[in-house]
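Where a number appears in this text, it was derived from the coordinates with a stated rule and is not lab data. From a predicted model like this one, the values you see are computed outputs, not experimental measurements. Glycine gets a Cβ as well: all are built from the backbone with ideal geometry, and neighbour counts include every protein chain shown.
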């Protein structure tokens with residue numbers, strides 16, 4: 001592919017025009033993007049009552065390729081009527097993630113069961129009654145309820161309430177596979193698990209850290225904020241094992257000067273080894289102490305643990321820090337000096353920090369750095385977990401967790417006069433492991449792709465196969481519908497956010513609650529998530545109980561209940577009348593008032609992890625491409641990294657030479673979880689030697705089920721792999737177990753990409 005030297009820019013503008021042609025013209029796309037609905041992609045909180053393409057600071061126009069891709073997907077035509085009669089499960093399993101996504105909108109409930117190899121359409125009454133009948137014959141503890149960040153606060157609140165009234169706390173969301181380590185780490189340090197800043201705080205900082213992330217691809221609208229920091233004479237320090245094009249230079253399409261001339265983003269770019277973040281952050285803290293740059297007055301007045309941390313930092317050896325981080329002392333000193341000179345600092349990070357077995361420790365180490373200089377608890381300073389899905393934070397806020405906060409539990413029980421379960425339910429990985437052990441029989445997935453978001457793809461497929469029933473609520477097909485099959489699998493088609501018949505709300509990563517108006521449905525058949533959940537509640541728990549499910553089918557009534565039950569959410573009760581979007585109380589820390597047990601921030605000590613592996617192994621991280629959102633793949637190419645396909649492993653040229661490989665050589669990549677065959681090894685000079693990169697979710701079969709013990713977040717970003725040439729005898733894909741093989745599609749199912757796309 002043609003080499004790209006900047007993110008955004010004219011290619012993004014041309015991409016917008018292409019997408020407009022796909023959906024029926026620029027006017028049609030403009031109208032959809034300008035509707036009063038929160039953005040469907042990342043959690044920056046665009047849109048809402050100010051109209052689409054407006055950010056929380058009120059700036060217009062704000063738009064990115066991710067939001068265009070999501071909107072264009074929702075504007076697709078319906079899947080053709082004969083599709084599921086024509087294509088078997090084996091054939092669907094041959095489809096790539098992109099091919100499944102672009103088959104069209106789901107418009108009718110679907111069922112596949114027993115030995116059948118084909119989905120068949122069923123009506124809504126049969127679909128819902130099958131679900132209710134199954135639940136009625138199971139123990140509640142044999143079920144789990146999983147929600148993605150695509151849903152509304154109202155749907156999440158009602159579904160978690162339904163699950164608990166049914167009798168289980170096996171309620172969890174996709175954050176366990178992304179930012180749960182942030183929530184746990186921040187809560188242990190500050191007493192709250194969310195960002196402590198607003199978007200205005202970030203733009204007003206004179207130094208912003210972006211650690212372990214690539215917002216240029218995954219959160220493109222954040223690039224305007226980083227551009228603004230640089231224009232205000234501020235600095236941006238990027239820490240990432242890969243030099244990402246858009247983090248070096250980004251041309252913001254909505255800013256003429258930036259569009260024409262580009263905007264430098266990184267003031268300093270540092271490449272640690274994969275897994276070296278904790279050692280690097282600890283080294284920066286040690287050097288800040290050596291420079292005498294700590295805020296002793298702040299530490300004494302507001303923090304616990306500094307004396308112990310300082311003693312620990314002073315005991316560490318610089319050779320150990322440099323060896324374990326992969327960063328030399330000169331670079332660490334440069335980071336520390338820039339930090340020491342800054343007066344207003346925001347620390348931002350993404351899953352390059354959380355996707356490790358020490359993810360919580362990574363987050364605590366970032367908090368330590370901020371607290372050392374009093375960079376929490378005053379304006380234009382603080383901590384920012386950069387969340388990937390538009391309402392994943394809202395899901396946690398409204399109670400989609402394995403254990404409710406005590407005050408929420410008490411208020412729910414008092415309001416409805418019920419007793420809810422109090423034991424701690426299973427987290428997401430716990431549910432998968434319990435399903436594999438035969439302890440769970442039923443799974444309900446509101447949005448997302450539970451199969452595609454799991455490590456160890458073979459294990460999760462076998463786990464879901466042991467369920468008696470799994471139910472998926474989605475707008476389009478995904479790999480879970482082809483591979484994540486129970487004895488009975490039901491797909492329920494749902495409306496997109498801007499098609500909901502009633503207003504809903506979403507929460508941004510800045511704890512800002514936005515109101516989405518909904519809009520007209522594009523297809524007949526799909527239903528509102530809230531209405532589906534309320535109907536299930538009515539059928540399962542009846543009209544005679546403490547819940548009036550007809551009332552809870554009204555989103556206005558749910559918002560009134562949320563405002564009564566959830567502390568800090570009181571304003572949501574009036575949002576229908578006021579149209580005033582709001583920031584949840586107690587989240588932004590403009591003063592050093594911490595919600596810990598004693599009101600003081602807590603600092604933590606960490607032993608530096610010992611790098612494992614052999615000289616013949618590489619440290620692999622799984623990543624998303626520029627044409628992708630979470631598990632959803634919109635394009636097979638990756639513009640910014642210059643890749644024309646996804647079945648590749650990107651390696652430093654020196655590693656190719658060291659391992660006796662050539663550019664574009666076909667290789668097998670192996671880990672302790674399994675192997676992937678016929679991958680192209682590609683020379684990629686922007687990655688640090690000793691490390692490698694592959695695309696998620698295809699590389700999930702290589703990721704072991706190692707999790708951070710405190711947050712239960714899998715280590716997607718640090719997998720030890722060996723890379724070897726494919727032998728002439730190997731002709732099959734090696735399955736993740738390393739023992740079985742995944743059969744190739746039969747003749748009827750061995751379709752070319754052109755054939756598959758013609759079918760859709």
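Listing for the model above:
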{"quantity": "Peptide ranges 617-627, 444-454 listed from the most packed, as the mean C-beta count within 10 angstrom indicates", "calculated": "444-454, 617-627"}
{"quantity": "222 nm mean residue ellipticity, helices alone, for the chain (DSSP H n ≥ 4; -39,500 (n - 2.57); rounded to 500)", "calculated": "-9500 deg cm²/dmol"}
{"quantity": "Length released on extending from residue 26 to residue 662, taking residue separation times 0.36 nm less the Cα-Cα span", "calculated": "224.5 nm"}
{"quantity": "Nitroxide proxy distance, nm - points 7 Å out along Cα→Cβ at residue 290 and residue 260", "calculated": "4.6"}
{"quantity": "The chain: relative contact order as a whole-number percent, Cα under 8 Å and 6+ apart", "calculated": "21"}
{"quantity": "Fraction of alpha-carbon pairs over 23 Å apart in the stretch 534-673 - percent", "calculated": "70"}
{"quantity": "Chain lengthening between residue 307 and residue 85 when straightened (0.36 nm per residue, less Cα-Cα)", "calculated": "73.1 nm"}
{"quantity": "Order by protection proxy (mean Cβ within 10 Å, highest first), peptides 480-492, 277-289", "calculated": "277-289, 480-492"}
{"quantity": "Relative compactness, the stretch 180-386, computed as alpha-carbon Rg over 2.2 N^0.38 Å", "calculated": "0.97"}
{"quantity": "Relative contact order [Cα under 8 Å, 6+ residues apart], the stretch 28-149, whole percent", "calculated": "15"}
{"quantity": "Ordering of 579-591, 240-252 by packing [mean C-beta count within 10 Å, highest first]", "calculated": "240-252, 579-591"}
{"quantity": "Under 17 Å from the residue 337 label point (7 Å along Cα→beta-carbon), backbone N, the stretch 288-320", "calculated": "288-294"}
{"quantity": "Length added when fully stretched, residue 637-residue 13, from 0.36 nm per residue minus Cα-Cα", "calculated": "222.9 nm"}
{"quantity": "Radius, Kirkwood style, for the chain when every pair of distinct Cα atoms is counted (Å)", "calculated": "26.4"}
{"quantity": "Förster-model FRET efficiency, 51 Å R0, residue 243 and residue 133, C-beta, rounded to 0.05", "calculated": "0.40"}
{"quantity": "Estimated FRET transfer efficiency when R0 is 41 angstrom, pair residue 598-residue 268 (beta carbons, to 0.05)", "calculated": "0.65"}
{"quantity": "Whole-percent pair-distance distribution, where bins are 5 Å wide, for the alpha carbons of the stretch 458-544", "calculated": "3, 12, 16, 16, 17, 17, 13, 7, 0"}
{"quantity": "Mean shadow area of the stretch 42-137, taken as a quarter of the surface of its Cα convex hull (nm²)", "calculated": "9.4"}
